1. Ignore the peptide's own chain and count Cβ atoms of other chains within 10 Å of each Cβ in B:49-59; give me the average, rounded.
2. With a cap of 12 neighbouring Cβ atoms within 10 Å, and only residues DSSP puts in a loop, list the GluC sites (Glu not before Pro) found in the range B:17-111.
3. Taking every residue in B:97-106, how many Cβ atoms of other protein chains lie within 10 Å of its Cβ, on average?
4. How about B:Lys57: which aspartates and glutamates have a C-alpha closer than 18 Å to its C-alpha, ignoring those fewer than 8 places off in the same chain?
5. Residues of A:40-49, mean number of Cβ from any other protein chain within 10 Å of their own Cβ, rounded to a whole number?
6. Take the cross-link list A:Lys49/A:Lys103; A:Lys49/A:Lys78; A:Lys78/A:Lys115; A:Lys58/A:Lys103 and give me the ones stretching past 21 Å between alpha-carbons.
7. Which whole-number percentage describes the relative contact order of chain B, with Cα contacts under 8 Å and a sequence gap of 6 or more?
8. How large is ³J(HN,Hα) for each residue in the range A:42-53, as worked out from phi by the Karplus curve 6.51 cos²θ - 1.76 cosθ + 1.60 (θ = phi - 60°), to whole Hz, x for Gly and Pro?
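Nothing in this text is a laboratory measurement; each read-out follows from the coordinates by a stated rule. Keep in mind that what you see is a predicted model, and the values were worked out from it rather than measured. As a convention, Cβ positions derive from the backbone with ideal geometry for all residues, glycine included, and neighbour counts pool all protein chains shown.
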Amino acid sequence: AQSVTQLDSHVSVSEGTPVLLRCNYSSSYSPSLFWYVQHPNKGLQLLLKYTSAATLVKGINGFEAEFKKSETSFHLTKPSAHMSDAAEYFCVVSDNGSSNTGKLIFGQGTTLQVKP
Amino acid sequence: DTGVSQDPRHKITKRGQNVTFRCDPISEHNRLYWYRQTLGQGPEFLTYFQNEAQLEKSRLLSDRFSAERPKGSFSTLEIQRTEQGDSAMYLCASSPLTEAFFGQGTRLTVV
């Protein structure tokens with residue numbers, strides 16, 4: 001069975017400093033992994049996705065993530081935080097098993113706070 | 001706007017009433033999903049359609065819940081005899097294959 005664990009429920013950074021949101025995954029299959037962002041009163045937006053191509057994935061708004069199979073990790077990073085990055089971030093694994101429904105299994109979420 | 005559309009955005013209902021939500025997916029997407037998100041949690045999978053066929057249902061989906069996708073286009077999620085524990089955000093997503101696009105959700109409050 002697939003699962004994801006987001007290692008921090010809350011991360012606080014100062015504007016202009018790097019962001020690191022940590023995620024470990026568990027999957028019996030070659031996983032498809034995603035990061036979604038959810039701003040208050042807005043829908044979930046896809047930041048980036050890994051689907052067995054390049055292990056370093058670049059996404060929107062300057063975010064990137066690195067797939068590390070040996071560490072079963074898919075951490076999200078950004079070199080310099082902006083105030084508009086404050087939101088809830090979800091690490092997600094997709095069901096790529098025999099049923100291959102594409103259903104998504106979400107982590108518990110990490111709240112990113114950006115201080116001026 | 002050609003994204004996923006959900007209606008209504010908010011619904012307040014009395015315990016025991018029935019409610020129905022609608023989702024209009026992106027038109028060329030044959031996969032449609034419903035998820036439920038409670039406060040402080042990540043969304044949880046409820047059910048999956050490929051075209052008009054409902055291919056998977058979560059154990060979270062009690063027999064008070066039913067979903068349809070007639071003709072493989074829009075979908076409805078009905079909750080009968082609502083309970084306070086049904087209060088949550090109900091999210092719809094559609095997908096051509098691997099990447100899911102989400103609607104803004106329907107927030108249900110059962111009083």
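1. 1
2. The qualifying sites are B:Glu28, B:Glu83.
3. Partner Cβ neighbours, averaged per residue: 5.
4. Here the aspartates and glutamates satisfying the reach criterion relative to B:Lys57 are A:Asp95, B:Glu44, B:Glu68, B:Glu78, B:Asp86.
5. 4
6. Pairs exceeding the cut-off: A:Lys58/A:Lys103.
7. Once normalised by length, the contact order is 38 percent.
8. So the Karplus estimates, Gly and Pro as x, are 10, x, 5, 10, 6, 8, 6, 9, 10, 9, 6, 9 Hz.
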